[in-house]
Amino acid sequence: MTVVTYQKDLVILVADRNMEYTMKGLLSRPKALKIREITYDIFGHPQHDSGCLLHGCDFLRPFVNQYSRALIILDHEGCGQEQQPRNALEEGIEKQLSDTGWNDRAAAIVIEPELENWAWSDSPHVDSILGWAGRQPDLKSWLNTEGFLNEGQSKPVHPKKAMEKALKNAQKARSSSLFLQLAQKVSVDRCTDPAFVKLKTVLAKWFTQS
């Protein structure tokens with residue numbers, strides 16, 4: 001039986017720089033994720049969400065013997081197949097990854113509707129990073145007033161639009177560094193988004209703490 005020695009633990013294909021910075025921030029906190037420290041590389045697909053969905057497996061094919069595991073991460077909104085449930089899209093990508101040589105060493109994460117859904121939580125770090133620390137009304141009250149957050153909801157229905165308007169209101173520039181800061185500081189246990197929960201579960205399974 002041939003034993004393959006991989007150069008690094010994980011290769012990640014993402015749709016944009018915001019996802020790249022989010023993953024960098026998360027992976028800088030292995031203890032919070034309940035994983036060991038890992039080696040990884042992150043690539044962005046030039047065709048963004050649709051590229052990850054339709055061509056991600058071809059993109060990652062050359063890396064099959066270089067990395068132990070692979071992840072493809074994209075938004076459901078903007079992928080071109082929004083009529084399909086996120087679970088079905090993930091299963092389709094994972095089957096293609098398996099067929100191209102990754103076998104059971106790869107997974108797909110489709111975020112519904114989009115990455116910004118991971119950012120919204122009740123953590124005070126969200127208010128601070130988005131420029132709302134000490135402001136009146138507070139961010140949650142403002143989201144309610146603006147119609148982004150309905151009574152009883154924990155996340156805006158349109159998370160990207162909500163973030164863009166909140167930043168504009170606070171006169172804070174939108175940048176990928178905000179996603180890095182959020183991923184570095186907000187508790188990973190506060191986010192209940194199904195795609196995020198899957199990401200944590202997959203990483204913990206692959207890279208168990210020693």
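Couple of notes before you dig in:
- Per residue Cα convex hull volume in Å³ - calculated over the chain: 119
- With DNA, RNA and ligands ignored, accessible area of Asp58 (1.4 Å probe; Å², nearest 10): 90
- Relative contact order of segment 90-177, taken over Cα pairs closer than 8 Å and 6 or more residues apart, is 25 percent.
- Heavy-atom accessible area, probed at 1.4 angstrom with all protein chains present, ranks Val197, Val202 as Val197, Val202, highest first.
- Portion, in percent, of the accessible area of segment 95-210 that falls on carbon or sulfur, probe 1.4 Å: 47
- Accessible surface, 1.4 Å probe, highest first, among residues Val188, Val4: Val4, Val188
- Cβ-defined net charge surrounding Thr208, 10 Å radius [Lys, Arg +1; Asp, Glu -1]: +3
- For the chain: relative contact order, % (alpha-carbon pairs under 8 angstrom, 6 or more apart): 27
- Proximity of backbone amide H atoms, modeled 1.01 Å from N, is registered between Asp193 and no other residue at under 5 Å, excluding neighbours fewer than 5 places apart on the same chain.
- Lysine-lysine proximity count for segment 35-167, Cα under 30 Å, sequence distance 8 or more or distinct chains: 6
- Counting only alpha carbon atoms, the long axis of helix 17-27 and the longest principal axis of the chain meet at about 80°.
- Along segment 66-74 the Karplus relation, 6.51 cos²θ - 1.76 cosθ + 1.60 evaluated at θ = phi - 60°, assigns HN-Hα couplings of 9, 10, 5, 9, 9, 10, 10, 10, 8 Hz to successive residues, with x for each Gly and Pro.
- Computed from Cα atoms, the angle from the helix 176-185 axis to the main principal axis of the chain rounds to 90 degrees.
- Accessible-area order (highest first, 1.4 angstrom probe) of the listed residues Ser123, Ser154: Ser154, Ser123
- Compared with the dominant principal axis of the Cα atoms in the chain, helix 194-206 is inclined by about 40°.
The values are calculated or read from the model by the stated rules, or taken from the named source; none is laboratory data. In this text, all values refer to a predicted model and were calculated from it rather than measured experimentally. Quick reminder, even Gly has a Cβ in these numbers, built from the backbone with ideal geometry, and neighbours come from all protein chains shown. These area figures cover heavy atoms from the full protein model, side chains too; ligands, DNA and RNA do not enter into them. Shrake-Rupley method; radii C 1.70, N 1.55, O 1.52, S 1.80 Å.
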